[in-house]
Amino acid sequence: MFSGPSNFVESVDTAFWVVMVISVFFLVVITFSMVYFVIKYSRKKNPKAENIHGNVTLEVTWTVIPTILVLIMFWYGWVGYKQMTEAPEDSMVIDVTAQMWKWTFKYQNGVQADTLYVPLKKNVRLNLHSLDVNHAFFVPAFRVKKDVIPNRNNFVWFNISETGSYNIMCAEYCGLNHSNMYSKVIVIPEQNFNFWLENKSRLKSGSQTTTVKTDTVSN
Ligand SMILES: [Cu+2]
């Protein structure tokens, strides 16, 4: 029913709309009955107050129906949430470090970047760390959002089915330049990704060699 680039779009959007439709329905019903009763039982029409001693049928109804509705909302939320807490074993792991005010993405081969590149249609697990204060890793298009807290190992995972560039933001106000934590996640086919990663890695070792050479010259 819902389409989007991430494997979580369907569960998150379904939960959102279930809660939304139920809420709007009750907003309308409660507002209209409130106005109706204000008019019907106004002091002008009913000058003498009357005592009512409860109504069992009504009380059972307004306990049972909301309980069922709340359980339905819980169920949709729980199913999606559970899926998010279980990263598949074969996930590619990337270390994400948040600090005031930037993200650093570190790959298994030691490559570091400030823009996140991920392969298309692959399970990707991001291990989230913070160097200083509380941050939150948020990619709205992926329906992924998690607090990044010092001394605590949180993670998110996802599998993206459409190439493209998507926004990353910090969703926890973390100081003066909080808005500098806007970044991008770029989803590219696996072949291109591997090529990028290898190139980056080669560049990295290349620059190290240069540093060594310069050191030798200056000595
Ligand atoms: Cu932040």
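Only the coordinates and a few stated rules stand behind these numbers; no lab work does. Remember, it's a predicted structure, so these values are computed and weren't measured experimentally. When we count neighbours, we look across all protein chains shown, and the Cβ atoms used for this are built from the backbone with ideal geometry, even at glycine.
Quick one: helix 190-218 against the long Cα principal axis of the chain, what's the angle to the nearest 10°, folded into 0 to 90? Taking the Cα atoms of the chain, the angle to 190-218 is about 50 degrees. The helix-based estimate of mean residue ellipticity at 222 nm for the chain, built from -39,500 (n - 2.57) per DSSP H run of four or more residues and divided by its residue count, is -15000 deg cm²/dmol to the nearest 500.
Sorting E86, E162 by the number of Cβ atoms found within 10 Å of their own Cβ, with the fewest placed first, yields E86, E162. Kindly provide the pair-distance distribution of the chain built from C-alpha pairs, with 10 Å bins from 0 and whole-percent values in order of increasing distance. Whole-percent P(r) values from 0 Å outward: 7, 23, 24, 17, 11, 9, 6, 2, 1, 1, 0.
With a ≥ b ≥ c taken as the square roots of the eigenvalues of the C-alpha gyration tensor of region 92-214, please select rounded if a/c is under 1.5 and otherwise prolate if a/b is larger than b/c or oblate if it is not? Oblate shape, in that a/c is at least 1.5 and b/c is the bigger or equal ratio. Please give the helix 9-40 orientation as an angle from the longest Cα principal axis of the chain, in degrees from 0 to 90, rounded to the nearest 10. On a 0 to 90 degree scale, this one is about 30.
So what is the relative contact order of the chain, in percent, for Cα pairs below 8 Å that sit 6 or more residues apart?
On the way: 326 pairs, mean separation 43.4, N = 219.
20 percent.
Counting other C-beta atoms within 10 Å, and keeping those with at most 15, which DSSP coil chymotrypsin sites (Phe, Trp or Tyr not before Pro) do you find in region 78-185? Don't skip to the end; give the middle numbers.
Values: sites: W78, Y81, W101, W103, F105, Y107, Y117, F137, F138, F142, F155, W157, F158, Y166, Y173, Y182; in loops: W101, Y107, Y173, Y182.
In loop regions of region 78-185 (DSSP not H, G, I, E or B), the sparsely surrounded chymotrypsin sites (Phe, Trp or Tyr not before Pro) are Y173, Y182.
Each of D95, D132 was scored by other Cβ atoms within 10 Å of its Cβ. Listed from fewest to most, they are D132, D95.
Shown here for region 1-56: chymotrypsin sites (Phe, Trp or Tyr not before Pro) in loop regions (DSSP other than H, G, I, E, B) with at most 12 other Cβ atoms within 10 Å, namely F2, Y41.
Anything over 29 Å Cα to Cα? Flag those among K122/K184; K145/K204; K102/K122, in the order listed. Display every interim value, and only then the final one.
Details: K122/K184 18 Å; K145/K204 31 Å; K102/K122 25 Å.
Correct reply: K145/K204.
Between helix 56-84 and the chain, what is the angle of the helix's C-alpha long axis to the longest principal axis, kept within 0 to 90° and rounded to the nearest 10? The two axes meet at around 10 degrees.
Taking a ≥ b ≥ c as the square roots of the Cα gyration tensor eigenvalues, with a/c under 1.5 meaning rounded and otherwise prolate when a/b beats b/c, else oblate, which class fits region 66-132?
Numbers: a/c = 3.61, a/b = 1.99, b/c = 1.82.
Here region 66-132 falls in the prolate category.
Starting from the Cα gyration tensor of region 9-84, take the square roots of the eigenvalues, sort them a ≥ b ≥ c, and report rounded, prolate or oblate (rounded when a/c is under 1.5, otherwise prolate if a/b is larger than b/c, else oblate). In terms of gyration-tensor shape, oblate.
In percent, how large is the relative contact order of region 89-199, given Cα pairs closer than 8 Å and 6 or more residues apart? Please list the in-between numbers first.
Working: 261 pairs, mean separation 31.5, N = 111.
Over region 89-199, the number comes to 28 percent.
Measuring nothing but how far apart in sequence close Cα pairs (under 8 Å, 6+ apart) lie, relative to its length, region 95-135 scores a relative contact order of 50 percent.
With a cap of 13 neighbouring Cβ atoms within 10 Å, and only residues DSSP puts in a loop, list the trypsin sites (Lys or Arg not before Pro) found in region 41-91. Sites meeting the loop and neighbour criteria: R43, K44, K45, K48. Ordering K40, K102, K200 by the number of other Cβ atoms within 10 Å of each residue's own Cβ, fewest first, gives K40, K102, K200.
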